[in-house]
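So the structure is just underneath, and the comments pick up after that.
FYI, it's all coordinate maths here, none of it is from the lab. Owing to the predicted nature of the structure, the values given are computational and were not obtained by experimental measurement. When we count neighbours, we look across all protein chains shown, and the Cβ atoms used for this are built from the backbone with ideal geometry, even at glycine.
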Amino acid sequence: MTELILTARVKGAPEAYDPLEMNGLRAEVEWTGRTEAEAGSREAAITIAADEAFEGVIRIALPVGMAAPRFFLPGFIYGTNRGEAPLMVRSNCPRLRGETAFPASPWWMTRSDRLSHSCALAWGGGRLAGLAATPYFLRRDGAQAAWEPGAQGEFSQYAGFGCSLESGEVWYTLGYENAPWLFVDSHDARPRAPLGGNCFALEKGERVTVRLRCFDMPAEDERGLHDALKWVYGKYHESPRRCCDPLEAMRDMAGAVSRDAWLPENHNYSGFVFDRGDHYEYRPLPSITWTNGLSAAVPMLMSAHWLGDGTMRAQALDCIGHIVAHSINGRSGLPFLSEQDGAWSNRGWWYDIQRTPGHAAYLVGQAVYYVLKAYDWEARKEGVRHRDWLDFAKRVIERTERGRNADGEYPYIFSQDTGAGLEYDSLSGAWCLAAAALYCRLTGERAYLPGLLESERWYHGAFIRRQECYGGPLDIDKNIDSEGVLAYIRAARHLHEITGDEALLLRMRDALYYEFTFKFCYNSPVKVPPLSTVGWSSCGGSITSVTNPHIHPMSSSVMDEMAYYLRFRPDAYVQSRLEDTRLWSCQCHNTFDGEYGYGKKGWMSERFCHSEGLLKERWPDGSPASTWFALMPWACGSLLEGLAACVDR
């Protein structure tokens with residue numbers, strides 16, 4: 001095991017890190033645990049003593065000993081965060097490159113709560129190496145102490161993590177820096193700030209001990225990181241708070257969406273609903289799915305069944321039926337993505353940030369998938385078969401299946417004139433794969449099956465195996481995210497239902513494990529209201545992407561797929577993650593009017609700001625708020641879809 005390198009930077013000093021003794025500190029490092037290669041890790045107990053008062057950041061570096069490491073800081077950096085791809089894009093995020101050219105840098109440092117798991121890992125040359133440690137410190141009995149689940153004390157300071165291509169190291173820090181930039185969001189990057197409130201403080205004569213778990217283990221490919229993440233999860237896991245049961249949460253959220261967001265003249269829900277005191281303000285945000293439409297209507301249909309609500313069901317059927325009957329573009333055979341003032345087009349709210357105009361596979365495939373899911377639900381639960389819904393799906397799938405390229409990849413964008421593929425290189429086409437797989441399962445059609453299995457294997461090798469899923473949602477310029485993989489998870493599930501092939505379950509597990517890398521394993525100490533005041537838990541929620549640093553609820557929509565996997569392969573890790581997701585999903589909405597500082601009972605937005613990221617919403621006094629003050633039906637729909645599976649079981 002490589003020796004650790006300890007340095008520090010004192011408040012008011014230049015940006016460089018110097019040996020501890022130059023900053024009035026000294027350290028003792030005691031290694032414990034097994035050292036054999038098969039053990040895979042050792043623990044270092046590091047005690048730092050202050051010979052004089054210290055205020056600054058202490059950095060512990062672990063050289064990973066790899067020629068070209070791919071770093072993994074879960075929720076923050078995956079590989080190089082596509083540092084090799086063009087940088088001149090609208091949505092910026094931290095990228096790793098050998099030179100500094102915004103937004104890329106050879107090294108990064110960040111506060112611990114920007115990561116879902118408190119670790120920094122690297123893979124290369126058949127090895128996985130890295131470190132894990134406490135995400136924050138407490139003050140207990142007048143002294144600093146590392147937090148662990150169950151530890152008591154007053155919050156003192158966050159820790160930090162980092163990595164460097166230049167030195168080939170991963171870093172852990174007492175105190176933290178956001179450097180060389182802090183990305184508040186993809187359009188707001190702030191330069192490295194002078195040391196201030198981010199400092200770790202020790203009084204003269206004070207000592208603090210931190211325990212680092214240092215990993216060094218064989219790993220055939222990038223999926224080896226999950227062995228380390230399972231250890232981190234077991235060490236630092238905290239369950240989310242228990243708020244209400246799934247049926248109660250469903251009743252609150254679905255009731256609010258039906259009551260407050262339905263726009264009958266639009267045959268759709270309002271994308272945003274704002275409570276202005278004496279009236280509601282609506283922002284329609286028209287789309288057939290993703291941020292409105294079917295992503296809200298189909299979960300509402302599922303909820304209507306469990307709640308026995310005829311009005312709710314009628315609204316959902318109206319939305320689904322309207323899209324099926326009117327959205328098809330006669331030239332391409334694919335559904336238009338948006339309707340405004342009765343006119344259908346592909347000019348949704350995302351149009352001007354979409355590099356290539358046309359039908360986006362992310363919405364096309366997702367729309368067909370949800371229509372088929374609604375068809376299946378209505379047939380099984382209500383005994384009603386909507387033949388026009390099935391015909392809609394068949395027509396679109398016939399077109400999307402012709403768009404697959406020689407690799408088996410579906411287009412990122414289809415031509416709105418011919419339906420031909422215009423742009424590829426993304427995971428978003430996996431929604432077309434999921435839709436076709438579900439169609440084959442429901443109808444018994446097998447002509448498409450060989451091609452679908454070929455596509456599934458290609459997506460796994462190109463994206464899932466590398467733990468680098470990009471090209472999902474249209475608003476982040478093909479940066480790495482957590483939601484694009486949800487389509488692949490669904491596709492693998494339905495292909496397994498058709499074939500019974502055990503290998504599909506294993507690859508589905510790989511995709512679930514990838515999504516778990518974005519899913520918090522502990523409850524971060526949020527410092528900004530309302531999340532800081534209502535008792536909200538981060539554990540079980542998934543960071544949206546390396547670009548959008550907030551938690552949104554889309555990952556809750558695959559609770560049924562997690563449960564499906566467990567029916568065939570008992571896995572305590574997946575079982576615990578499912579329970580985290582269920583509990584998290586039941587505590588994000590208003591359980592009474594104004595609980596989150598806005599809105600009515602059942603209201604919920606998509607935005608939960610667990611860190612310094614995306615703190616854009618403001619309270620009336622101008623101070624930052626950690627959520628959006630709006631009801632958002634698609635976000636509720638993600639939770640409703642997942643919770644319906646919990647009720648169903």
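Each of Trp107, Leu566, Ala145 was placed along the dipole of the chain (beta-carbon charges, centred on the mean Cα), and the one lying farthest toward the positive end is Leu566. Using C-alpha pairs below 8 Å separated by at least 6 residues, the relative contact order for the chain is 14 percent. Label zone (Arg355, point 7 Å along Cα-to-C-beta; backbone nitrogen cut-off 12 Å) within the stretch 432-476: 471, 476. Each of Tyr233, Cys163, Met253 was scored by the projection of its Cα onto the charge dipole of the stretch 155-302, and the greatest displacement toward the positive side belongs to Tyr233; charges sit on the C-beta of Lys, Arg, Asp and Glu.
Here the chain is assigned +1 on the Cβ of each Lys and Arg and -1 on the Cβ of each Asp and Glu. Its dipole about the Cα centre then comes out at about 580 debye. Axis angle, to the nearest 10 degrees, between helix 449-459 and the longest C-alpha principal axis of the chain: 20 degrees.
Which of rounded, prolate or oblate describes the stretch 94-237 when judged by the alpha-carbon gyration tensor and an a/c cut-off of 1.5? Here the stretch 94-237 falls in the oblate category.
For the peptides 521-529, 561-569, the ranking by packing is 521-529, 561-569, with the highest mean count of neighbouring Cβ atoms within 10 Å listed first.
The distance from the alpha carbon centre of the stretch 232-258 to that of the stretch 601-647 is 13 Å, rounded to a whole number.
From the Cα gyration tensor of the stretch 246-648, with a ≥ b ≥ c the square roots of its eigenvalues, which class applies: rounded if a/c is under 1.5, or else prolate if a/b is larger than b/c, or else oblate? Rounded shape, in that the Cα axes give a/c under 1.5.
Extent along the principal axes, Cα only, for the stretch 463-518: 36, 19, 15 Å, with the longest axis given first. With Cα atoms defining each centre, the stretch 82-103 and the stretch 536-575 are spaced 28 Å apart in the structure. In order along the stretch 206-216, phi translates into HN-Hα couplings of 7, 10, 9, 10, 10, 10, 9, 8, 10, 9, 7 Hz, rounded to whole numbers, per the Karplus curve 6.51 cos²θ - 1.76 cosθ + 1.60 with θ = phi - 60° and x for Gly and Pro.
Peptides 49-56, 489-496, ordered by how many other C-beta atoms sit within 10 Å of their residues on average, highest first, read 489-496, 49-56. In summary, the aspartates and glutamates within cross-link reach of Lys601, defined as a Cα separation below 18 angstrom excluding same-chain residues under 8 places away, comprise Asp245, Glu248, Asp252, Asp260, Asp275, Asp278, Glu281, Asp309, Asp593. Taking 18 Å as the limit for the C-alpha separation, the pairs Lys235/Lys519; Lys230/Lys519; Lys11/Lys616; Lys373/Lys394; Lys527/Lys616 exceed it in the case of Lys11/Lys616. Cα axis of helix 294-307 to longest principal axis of the chain: angle in degrees, 0 to 90, nearest 10? Taking the Cα atoms of the chain, the angle to 294-307 is about 80 degrees.
Phi angles of the stretch 612-626 translate, via the Karplus equation with coefficients 6.51, -1.76, 1.60 and θ = phi - 60°, into HN-Hα couplings of 7, x, 6, 7, 9, 6, 10, 6, x, 7, x, 6, x, 10, 9 Hz per residue; Gly and Pro are given as x.
The residue among Gln467, Thr311, Cys586 whose Cα reaches farthest toward the positive pole of the charge dipole of the stretch 246-648, with charges on the beta-carbon of Lys, Arg, Asp and Glu, is Gln467.
Note on the stretch 357-429 and the stretch 141-156: Cα centroid distance 52 Å, given to the nearest whole angstrom.
Shape call for the stretch 241-356 from the C-alpha gyration tensor, a ≥ b ≥ c root eigenvalues: rounded (a/c under 1.5), prolate (a/b greater than b/c) or oblate?
prolate
With equal scatterers on the alpha carbons only and no solvent term, can you work out the Debye log10 of I(q)/I(0) for the stretch 214-304 at 0.13, 0.24 1/Å? Computed log10 I(q)/I(0) values: -0.68, -1.19. Based on DSSP H segments of at least four residues, each scored -39500 (n - 2.57), the chain has a per-residue ellipticity at 222 nm of -9500 deg cm²/dmol.
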